[in-house]
Amino acid sequence: MNQWSIILPYYNEEKFLQGTLESLCLQHYKDFVLILVNNASNDKSEQRAKELLGHYPHVKTLFINENRPGKTYAQQTALKLVETPYVATVDADTYYPPYYIYFCNYILEHYPQYVSVMACDIYHPYNNEISRQRCRKIKFKSLLRRKQCHAGGYAQTFRTSALKKVGGFDPSRWPYVLEDHEIVHRILKIGKIYHSDKHWCMPSPRRINRGKVSWSMLERKLYAYTPFFLKDWFFYCFLKNRFIKRNATIACLRSHPWESK
């Protein structure tokens, strides 16, 4: 049995998917199964993915479909197929350095107190001082506020048993944006998260205008300063009601509002 499953949902990512897949296929640690979830794309994403993966026969791949609109539905469907000890969630527009999975595997194999490993998101080469400063800042924040999420779904890995224990990806519980923060909130109830300023990935810089798929400054500040014992209230009362009012559901992510027209 493989040690890792990598869940990659996609919706109309023809322009970006190939680069992400190449970075995953070139991982130094190769003991994984790649689960690609077509979330009702109407472009050539799946065709392009199959063409590229044909050049990497060593990569075990599952192609599945989830037609309910929303990334969380796609992740939920994929997680049902995961039988490996560890699972990674990745985004279709993100570059993962060759040692990405190796690093996560080392931490989870050698440090049982951790149930998750998170990476820093950078937007310049890692040897650029801007990127190093960003990684140090994220590491500092993770030490200062240990009971919070400091990485999006593009940079999250988990012990599968822990992820399933807290309910996994559950659109009936949280059908809104920031689903990556909500899942981390639940994970933090049962274990610790590992952060390093040397562990990173590089999402596409296209996400310059996130609009209603993100949160306001007030919501962000309140999240930062709400103690952990009140975080259930923050998510399931305060933030939920605000997201309902502005219809900030996971389906909003499908419009790709950050892309330049």
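Considering only region 157-177, I want to know if a residue exists there that is at pLDDT below 95 and of a type in the set (Val, Ile, Thr). Taking every residue of region 157-177 in turn, at least one turns out to be at pLDDT below 95 and of a type in the set (Val, Ile, Thr).
Considered as a group, the residues in region 76-87 that are open to solvent by 10 Å² or more (accessible area, probe 1.4 Å) and in a helix (DSSP H, G or I) include one that is nearest to Lys30 (Cα to Cα), and that residue is Leu79. Within region 71-100, being among the β-branched types (Val, Ile, Thr) and in contact with a strand residue (DSSP E or B) (Cβ under 6 Å, 6 or more places away or on another chain) holds for Val82, Thr84, Val87, Thr89, Val90, Thr94.
So which residues in region 58-72 are over 25 Å from Pro171 (Cβ atoms) and open to solvent by 80 Å² or more (accessible area, probe 1.4 Å)? Listed by number, the residues that qualify are His58, Lys60. When Leu163 is tested against (1) open to solvent by 20 Å² or more (accessible area, probe 1.4 Å); (2) in a helix (DSSP H, G or I); (3) more than 12 Å from His199 (Cα to Cα), only condition (1) is not met.
Report yes if some residue within region 98-120 is among the small types (Gly, Ala, Ser), out of contact with any His (no Cβ under 7 Å at 6 or more places or on another chain) and either assigned to a strand (DSSP E or B) or touching a residue at least 24 places away in the same chain (Cβ under 8 Å) (or both); otherwise report no. Yes, the conditions are met somewhere in region 98-120.
Is at least one residue of region 3-16 open to solvent by 80 Å² or more (accessible area, probe 1.4 Å), among the polar types (S, T, N, Q), under 24 Å from Arg186 (Cβ atoms) and in a loop (DSSP other than H, G, I, E, B)? No, because not a single residue in region 3-16 is open to solvent by 80 Å² or more (accessible area, probe 1.4 Å), among the polar types (S, T, N, Q), under 24 Å from Arg186 (Cβ atoms) and in a loop (DSSP other than H, G, I, E, B).
The values are calculated or read from the model by the stated rules, or taken from the named source; none is laboratory data. Because the structure is a prediction, the values reported are computed rather than measured. Cβ atoms come from the backbone with ideal geometry, glycine included; neighbour counts cover every protein chain shown. Heavy atoms of the whole protein, side chains included, go into the accessibility calculation; ligands, DNA and RNA do not. Shrake-Rupley method; radii C 1.70, N 1.55, O 1.52, S 1.80 Å.
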